[in-house]
Amino acid sequence: MSSNKENLILLLLFVLTYLAGYIIGRMYSGDGVKISSNKLDSFFSKGNKVNNTKEETKISIDSSTVVIDLKTDDMEKKYDTMGDVSHVSDNISDSVNRLKNMKEGT
Amino acid sequence: MIGIDVGTSYIVLSRETENGIEYTDFRDAFYIIKPTTPVASKMIEKGLAGKVFIKDKDGSFILLGKDAIEKAIERNDTAKRPMYRGVVSAKEKDGKKVLAFILKEVAGKASEKKEKLVFCVPAQPIDQEDDDFDIGYHEDVIKTVLAECGYDARSINEAEALCYSELEQMNYTGIAISCGAGMTNICVMLNGEPTVMFSTTKSGDWVDRMSSVATGETDSVVQVEKEGGDFEIGMPNTNPVLSAVSSYYERLIDYTTKQLSSALSNHKSLPKFKEPLTIIVAGGTSLAKGYIKIFNKKLLENNFPLEIKEVKHASDPLHSVARGCLIAAKIL
């Protein structure tokens, strides 16, 4: 009887020790940093991100024409005024306000 | 704040003043004279006194604006354009430099640091697949030039600017068509939001070129005769140049309205308008007598897919795009 009791206590102790070890192991890593529940996720998502980038992002080179050669300093001006200037009575503030309201409303 | 309509034929700057708007118009044209000897150079320079011109580092004289067209006609030649079909080309070195010079002169230095400026650009054409047609490059060139003058320059679609200028009474709902020299730009707007924008590459310059081929005159001569305005579209004319211009104008309107009807028929982005639409037409090409009447007639003949309330000219067809750019600059 007593050996049965001892065996039962021993078994319970084994189970408790195992559970305690399991819980501590889950909570702390080897370097003492607390394991967050999403650490695995973030690691894999990092990996996944790299993989996704490879699959989804098309890397392209900007082949638009570069703007160069616009210097006009070497052009000597030989006139006083250029262009026809005219003046009209107009008020655009109503249009501006109405459009502003429309744009803000959308 | 400043608005600029950078067109193939004219550069128009708009600036708000105390009691209105000041516009500066400059003809977008140049003509190069290359002297062969130093003596010829001095004689040419003397002969150009009073005209708008610049002297380049290689000794050549570049006439600008109206004076360029006059000199080209005098020499039985054709003046050049810094832009072709609405955009500046990377291949045209002279044109690019001249456009930069004209823009710097017309806009001047910004009155304050990063002064806001809005300029117009064309939409992608639906009738041309051409590597040389690079709106991005065109936009970059203009932005670079204006940034050198100290402006915070931003672009807007040409026909969208026209909508902002002219559709206020229609609650910013309708269609705006800007008929420039190089292109025709179209914008369909609903309550201030552009829904469809595109362009076609045939406009006033096409009329000039075709009339020039038909009559044997230079493009510049045809352009001056055409702008004299002594003709009506679709009506016979005793002047052979104007007779050709009138005929090609009719073909141009037929082509443009067919393109317009075709592009808008079953367009996925086209809203379902509750009421008939007003169509606003502007630009130098639209100034010919009979343009609006024929445009309206051809729209109906070519099965325009939307109900039209009226087709009418902008209040100031040569300045309305620049006015729209100025309005946009004030909203930004």
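Please enumerate, by chain and number, the aspartates and glutamates with C-alpha under 12 Å from the C-alpha of B:Lys57, excluding those fewer than 8 residues away in the same chain.
By straight Cα distance, B:Lys57 reaches A:Asp73, A:Asp74, A:Glu76.
Run through every distinct alpha carbon pair of chain B and return the Kirkwood hydrodynamic radius in angstroms, one decimal place.
Here the Kirkwood hydrodynamic radius works out to 20.6 Å.
Quick one: check the C-alpha center-to-center distance for the range B:305-329 versus the range B:73-116, whole angstrom.
Between the Cα centres of the range B:305-329 and the range B:73-116 lies a distance of 24 Å.
For chain B, what is the mean residue ellipticity at 222 nm derived from helices alone (per DSSP H run of n ≥ 4: -39500 (n - 2.57); sum divided by total residues; nearest 500 deg cm²/dmol)?
-12000 deg cm²/dmol
Compute the relative contact order of chain B as a whole-number percentage, counting only Cα pairs closer than 8 Å that sit 6 or more residues apart in sequence.
Relative contact order of chain B: 19 percent.
Let me check the size of the range B:235-332 from its C-alpha atoms; what are the radius of gyration and Dmax in Å?
Answer for the range B:235-332, Rg first and Dmax second: 15.8, 51 Å.
Most mobile of B:Gly192, B:Gly174, B:Gly50 per a Gaussian network model of chain B (Cα springs, under 10 Å)?
B:Gly50
When we measure straight from the Cα of A:Lys103, which lysines land under 19 angstrom away, once same-chain ones fewer than 8 places off are left out?
The reachable lysines, counting only those whose Cα sits under 19 Å from A:Lys103, are B:Lys116, B:Lys330.
Efficiency by 1/(1 + (r/R0)^6): what FRET value for B:Lys109 and B:Leu332, r their Cβ-Cβ distance, R0 = 25 Å, to the nearest 0.05?
FRET efficiency, B:Lys109 to B:Leu332: 0.80.
Suppose we take every Cα in the range B:167-317 and form the convex hull; what volume per residue is that in Å³?
Taking the convex hull of the Cα positions in the range B:167-317, it is 99 Å³ per residue.
May I ask you to list the GluC sites (Glu not before Pro) in the range B:18-111 that are in a DSSP loop and have at most 16 other Cβ atoms within 10 Å of their Cβ?
Working: sites: B:Glu18, B:Glu22, B:Glu45, B:Glu70, B:Glu74, B:Glu92, B:Glu105; in loops: B:Glu18, B:Glu92.
Listed in order of number, the matching sites are B:Glu18.
Which whole-Hz couplings ³J(HN,Hα) result when phi for each residue of the range B:47-61 is put into the Karplus expression 6.51 cos²θ - 1.76 cosθ + 1.60, θ = phi - 60°, listed in order with x for Gly and Pro?
These are the phi-based 3J(HN,Hα) values: x, 8, 3, x, 9, 8, 8, 10, 10, 8, 5, 7, x, 7, 9 Hz.
Using a 7 Å offset from Cα along Cα-Cβ at B:Lys293, what residues in the range B:221-242 end up with backbone N under 17 Å from the label point?
B:229-238
Rank B:Gly150, B:Val12, A:Gly21 by how far each Cα sits towards the positive end of the charge dipole of the protein assembly as shown (+1 on Lys, Arg Cβ; -1 on Asp, Glu Cβ) and give me just the farthest.
A:Gly21
Of A:Ser86, A:Thr72, A:Asn97, whose Cα points farthest to the positive end of the dipole of the range A:64-106 (charges on the beta-carbon: +1 Lys, Arg; -1 Asp, Glu; origin at the Cα centre)?
A:Asn97
Would you work out the charge dipole size for chain B about its Cα centre, treating the Cβ of every Lys and Arg as +1 and the Cβ of every Asp and Glu as -1, and quote it to the nearest 20 debye?
360 debye
Mind scanning B:Lys71/B:Lys93; B:Lys202/B:Lys298; A:Lys77/B:Lys97; A:Lys77/B:Lys66; B:Lys51/B:Lys91 and naming the pairs with a C-alpha gap bigger than 19 Å?
On the way: B:Lys71/B:Lys93 21 Å; B:Lys202/B:Lys298 16 Å; A:Lys77/B:Lys97 14 Å; A:Lys77/B:Lys66 16 Å; B:Lys51/B:Lys91 28 Å.
As for pairs spanning more than 19 Å Cα to Cα, those are B:Lys71/B:Lys93; B:Lys51/B:Lys91.
If the only charges are +1 at each Lys and Arg Cβ and -1 at each Asp and Glu Cβ, what is the size of the charge dipole of the protein assembly as shown around the Cα centre, to the nearest 20 debye?
Roughly 1220 debye for the protein assembly as shown.
A short reminder: the numbers here are calculations on the coordinates, not readings from a lab. Quick caveat: nothing in here was measured; it's all calculated off a predicted structure. Glycine gets a Cβ as well: all are built from the backbone with ideal geometry, and neighbour counts include every protein chain shown.
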